[in-house]
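Undergrad: Mind looking over this structure? Questions follow.
Computed from the coordinates by the stated procedures, all read-outs in this text should not be read as laboratory data. Values in this document were obtained by computation on a predicted structure and should not be read as measured data. With ideal geometry, Cβ positions are generated from the backbone for all residues, glycine too; neighbour counts draw on all protein chains shown.
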Amino acid sequence: MCRRLEAAQMGEQAQASPCLLYNDGRTSMRKRLIQVAVSAGVLYGLLVAGLFWAMYQPPAVFGRIMSKTPPVAYWVLPFRRLWFVARRGQLHSGDLAPDFSLSTPDGSTQVRLSSFRGHKPVVLIFGSHT
């Protein structure tokens, strides 16, 4: 910032130029704030990218990573949006469920999902159903 200061106000005579430049701290403060903001933005971007990478890992690896994540990260990082992108899969509404087989509760036989197709409705429950 250039301010025209009179030589009389400065208590000395201006030798080369009638306009004396001085830094009142605003310029360096702005530069410092811009540096801090850019650094914070880069750090945030790296954290989001790291979280997104972690969400593509197998469940055991992802679980280990998330167990070490501080609780404040859940408020700061966009977990929900990243999760829906990372785990969206390829199925769309109206698509047939992919075929798979599971053991019966007593472990005596294997049951394939395709064996019920066209005969009985099937309900898949993941988690607690009580």
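Undergrad: Identify the chymotrypsin sites (Phe, Trp or Tyr not before Pro) of the range 27-130 meeting these criteria: DSSP loop state and at most 13 other C-beta atoms within 10 Å of the C-beta. Each step should come with its number before you reach the end.
TA: Numbers: sites: 44, 52, 53, 56, 62, 74, 75, 79, 83, 84, 100, 116, 126; in loops: 56, 100, 126.
Answer by residue number: 56, 100, 126.
Undergrad: Grab the Cα-Cα distance for residue 61 and residue 44, subtract it from 0.36 nm times how many residues apart they are, and report the gain in nm with one decimal.
TA: In short, 3.9 nm is gained.
Undergrad: If the chain between residue 53 and residue 116 were fully stretched, how many nm would it gain, using 0.36 nm times the residue separation less the Cα-Cα distance?
TA: Extra length from residue 53 to residue 116 when fully extended: 19.0 nm.
Undergrad: Loop-only trypsin sites (Lys or Arg not before Pro) in the range 52-101, please: DSSP not H, G, I, E or B, and at most 15 other Cβ atoms within 10 Å. Spell out each step's value before the answer.
TA: On the way: sites: 64, 68, 80, 81, 87, 88; in loops: 68, 87, 88.
Qualifying residues, ordered by number: 68, 87, 88.
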